[in-house]
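Student: Please see the structure below; I have some questions.
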Amino acid sequence: MRFCLSSSLKLSLVSLVLWFLFVSCDALASKEVEALRRFKEAMYKDPLLVMSDWNVPDSDPCDWNGIKCSPSKDHIIKINISDTSMRGFLVPQLGQISNMQELILRGNILMGTIPKEIGKLKKLKILDLGNNHLTGPVPAEIASLSKIVIINLQSNGLTGKLPPEIGNLKHLKELLIDRNRLQGSIPVATATKKNVSNPSADNTGLCKSPHLKVSDFSYNFFDGTIPSCLDYLPKTSFQGNCMQTKDVKQRSSSECAAIVAKKKKRPMWLLDFEIVTGSSVGLLFVVVIFSACSLCNIKRSLIVPWKKPASAKEQFTVYVDSEMLKDVSRFTRQELEMACEDFSNIIDSCADSQIYKGTIKGGTEIAVISLCVKEEDWTGYLELYFQREAADLARLNHENAGKLLGYCKENKPFTRMLVFEYASNGTLYEHLHYGEGSLVSWAKRMKIVVGIARGLKYLHTELDPPLTVSELNSNAVYLTEDFTPKLVDFECWKTILVRSEKNLRDISSEGAICVLPNAMEHRGLNLQGNIYSFGILLLEIVSGRPYCQERGCLVEWAKEYLGATDVMAGLVDPELKHFNQKELEAVCEVASQCLNFDQDDEDKNKKTCLVQELYETLESRISLSISAELRSSSLAWAELALASPSNEDGDEEERSKYPNKHCNSFK
């Protein structure tokens with residue numbers, strides 16, 4: 001009896017252990033599948049539909065595109081989705097796939113930062129995130145990847161210093177970090193004072209990596225000298241930096257100095273004073289020059305026929321104005337090629353154009369839009385509209401409008417490009433939906449709201465002729481380091497192509513036709529579309545929701561909250577801990593006017609007056625005082641307190657009266 005009882009007890013214990021192991025494995029697999037789903041949600045563009053089977057009910061995740069599981073199918077061991085132009089962000093949940101051995105996501109448009117949770121992948125052997133748009137630092141947690149063999153982070157926008165802990169990776173054979181914006185010296189083996197007697201106990205740096213055979217540090221901003229322990233690498237692995245060497249070409253001293261200067265922040269009040277003073281002097285100078293020129297006999301434009309390549313035959317002649325772009329800076333292809341690192345730093349692309357990011361002399365960051373058209377398909381209409389578009393955008397001179405720096409026009413190789421000043425803090429879309437808490441301040445969001453309104457007022461009412469943004473959405477709003485919004489029309493190429501195609505359809509094929517510049521159709525205005533899109537933008541900024549989700553369209557969801565002040569708080573993003581009720585009411589009032597505006601109303605004066613009215617409503621009812629702008633930053637408050645104590649407690653007290661209590665149940 002005793003023997004049987006012991007056997008039964010043993011059998012029960014074994015069953016319990018097996019059941020526990022089964023449940024544990026199943027739970028772990030569920031976490032891995034959930035991590036994949038979170039990753040898919042973070043991909044907001046999938047042009048090749050690579051993830052189209054990731055939502056199929058009851059499908060086996062091991063059969064999804066790009067996924068490989070272990071032989072027993074209980075763990076995910078590989079994700080390989082490369083060169084698919086997917087656009088989105090890396091999610092921290094990837095760190096839950098603890099058995100993953102290979103993470104290959106190169107050649108996409110991944111943005112945001114590399115999550116530190118990547119360091120939890122203790123079995124990872126290959127990390128390939130090259131040729132994306134990742135920003136921020138290389139996380140020090142990457143040194144926890146004890147089995148890593150290959151790290152590829154090349155052609156991104158990574159900043160900061162390379163963590164010296166990376167030298168602790170004993171199995172590392174390849175390290176590719178070229179074409180980023182990394183600074184500081186290349187970390188080599190160093191020892192702390194505590195362990196001078198035993199340097200290997202606490203030292204870090206790449207000199208500790210015994211198996212490192214392939215490495216590329218080129219086209220960053222590394223300084224210092226080339227480490228002697230890495231002299232076995234080709235010299236080209238260190239080119240394009242700020243290093244003290246004559247063995248290989250480095251960046252110009254002005255580029256290196258500009259990066260260093262960016263670290264030295266100046267007081268905001270001093271910067272504002274310099275801007276106001278400089279603007280006043282500059283305006284006086286412009287008035288004097290303009291007055292002098294008006295008294296002179298200005299040389300008239302020379303209108304000449306555009307020369308079509310000999311291989312092409314057109315039944316009409318298009319004349320271009322040789323003086324149209326005389327006041328717009330012209331870049332050479334070679335200049336832009338060097339600035340954009342051989343055009344390898346692609347930040348966006350579509351069928352008609354590609355956008356590159358680069359840095360020109362002086363340290364100014366640029367965005368270069370290149371039209372994807374073959375020379376034999378380039379018509380006289382396209383040439384004229386290209387000139388028109390460049391001249392049109394060159395007129396823009398406003399804090400909240402993207403600045404055109406110049407253009408590039410060459411025939412060998414055939415090149416047509418527009419060069420914009422780049423706002424280095426990314427798009428509003430990125431910060432709202434994947435910004436890791438960068439817009440948790442109501443004051444920052446209101447600053448962006450008023451800035452966009454100012455930009456639209458400038459484009460619609462102050463420019464003559466006015467100008468509209470081709471596709472106004474949160475991806476067309478770029479932010480500077482202090483979160484000043486800039487409206488950038490990177491879709492302008494579409495207007496060039498559409499106008500050209502329209503004119504070509506209207507041309508008769510009988511005989512030769514002469515087309516003069518003034519006879520061409522002007523850039524189309526879509527004031528109604530911009531007004532409606534501004535209303536959607538306001539809802540997106542306040543709610544933190546993208547334009548459309550699976551639960552329904554943002555506009556439809558917001559309707560029940562817009563009209564009544566007692567439920568209006570339901571619109572507010574739950575990430576916002578405090579908000580101002582009066583400012584919220586102003587934003588909702590303007591959003592309602594935009595969304596309910598008669599789209600069929602053709603009265604241009606009415607549209608212009610509406611834009612002016614909307615701007616004045618926001619400007620008068622939203623506070624952009626110093627305290628409101630700096631409220632979200634403790635460092636800024638400290639600077640403000642040291643500079644000049646002010647009585648701003650009342651404003652803060654008013655905002656704190658409206659904690660965001662109601663939002664969690666609505667989102």
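Listed here are the residues, each with its yes/no results for (1) in contact (Cβ under 8 Å) with a residue 60 or more places away in the chain; (2) basic (K, R).
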| position | (1), (2) |
| --- | --- |
| C207 | no, no |
| P210 | no, no |
| Y219 | yes, no |
| P227 | no, no |
| D231 | no, no |
| T236 | no, no |
| V248 | no, no |
| R251 | no, yes |
| A258 | yes, no |
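Student: Checking the structure you have, find out if any residue of region 108-123 is in contact with a Gly (Cβ under 6 Å, 6 or more places away or on another chain) and touching a residue at least 40 places away in the same chain (Cβ under 8 Å).
Tutor: There is at least one residue in region 108-123 that is in contact with a Gly (Cβ under 6 Å, 6 or more places away or on another chain) and touching a residue at least 40 places away in the same chain (Cβ under 8 Å).
Student: Would you call I366 in a strand (DSSP E or B), within 23 Å of T84 (Cα to Cα) and of a type in the set (V, I, T)?
Tutor: So I366 fails the test.
Student: Restricting the search to region 140-177, which residues are part of a loop (DSSP other than H, G, I, E, B) and of a type in the set (D, E, K, R)?
Tutor: Residues satisfying the conditions are K147, K170, K173.
Student: Now a separate question. Assuming L103 fulfils every condition listed in (1) over 28 Å from G136 (Cα atoms); (2) in a strand (DSSP E or B) apart from one, which condition is it?
Tutor: (1)
Okay, residues lined up against (1) more than 25 Å from I150 (Cα to Cα); (2) exposed (fewer than 14 other Cβ atoms within 10 Å of the Cβ):
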position: K213; (1), (2): no, yes
position: S218; (1), (2): no, no
position: D223; (1), (2): no, no
position: K235; (1), (2): no, yes
position: D247; (1), (2): yes, yes
position: Q250; (1), (2): yes, no
position: S254; (1), (2): yes, yes
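Student: Say we look at region 441-459 and pick out the residues that are under 18 Å from the mean Cα position of the chain (by Cα) and hydrophobic (A, V, I, L, M, F, W, C); which of these is surrounded by the fewest Cβ atoms within 10 Å (Cβ to Cβ)?
Tutor: I448
Student: Right, here's the next one. Which condition number does D202 fail, the rest of (1) at pLDDT below 90; (2) under 26 Å from N99 (Cβ atoms); (3) of a type in the set (D, E, K, R) being met?
Tutor: (2)
Student: Going residue by residue through region 387-409, is there one that turns out to be polar (S, T, N, Q) and crowded, with 20+ Cβ neighbours inside 10 Å?
Tutor: For region 387-409, residues polar (S, T, N, Q) and crowded, with 20+ Cβ neighbours inside 10 Å: present.
Student: While we're looking at this one, here's another question. Residues G157, G130: which one is at pLDDT 90 or above, surrounded by 18 or more Cβ atoms within 10 Å (Cβ to Cβ) and in contact with a Leu (Cβ under 8 Å, 6 or more places away or on another chain)?
Tutor: Criteria check complete, one pass: G130.
Student: Shifting gears a bit: Which of the residues spanning region 37-80 are charged (D, E, K, R) and either outside any helix (DSSP H, G or I) or not assigned by TED's automatic domain parsing to the domain that holds K123 (or both)?
Tutor: Across region 37-80, the qualifying residues are K45, D46, D53, D58, D60, K68, K73, D74, K78.
Student: Checking S438 against (1) surrounded by 18 or more Cβ atoms within 10 Å (Cβ to Cβ); (2) closer than 17 Å to S474 by Cβ; (3) at pLDDT below 90, only one condition comes out false. Which one?
Tutor: Only one criterion in (1) surrounded by 18 or more Cβ atoms within 10 Å (Cβ to Cβ); (2) closer than 17 Å to S474 by Cβ; (3) at pLDDT below 90 is unmet by S438, namely (1).
Student: So, one more: Being within 21 Å of K147 (Cβ to Cβ) and charged (D, E, K, R) is the filter here; which residues of region 65-94 pass it?
Tutor: If the condition is that a residue be within 21 Å of K147 (Cβ to Cβ) and charged (D, E, K, R), then K68, D74, K78 are the ones that fit.
The values are calculated or read from the model by the stated rules, or taken from the named source; none is laboratory data. Not measured: the values here are computed from a predicted model. In this analysis, Cβ positions are derived from the backbone assuming ideal geometry, glycine residues included, and neighbour counts consider all displayed protein chains.
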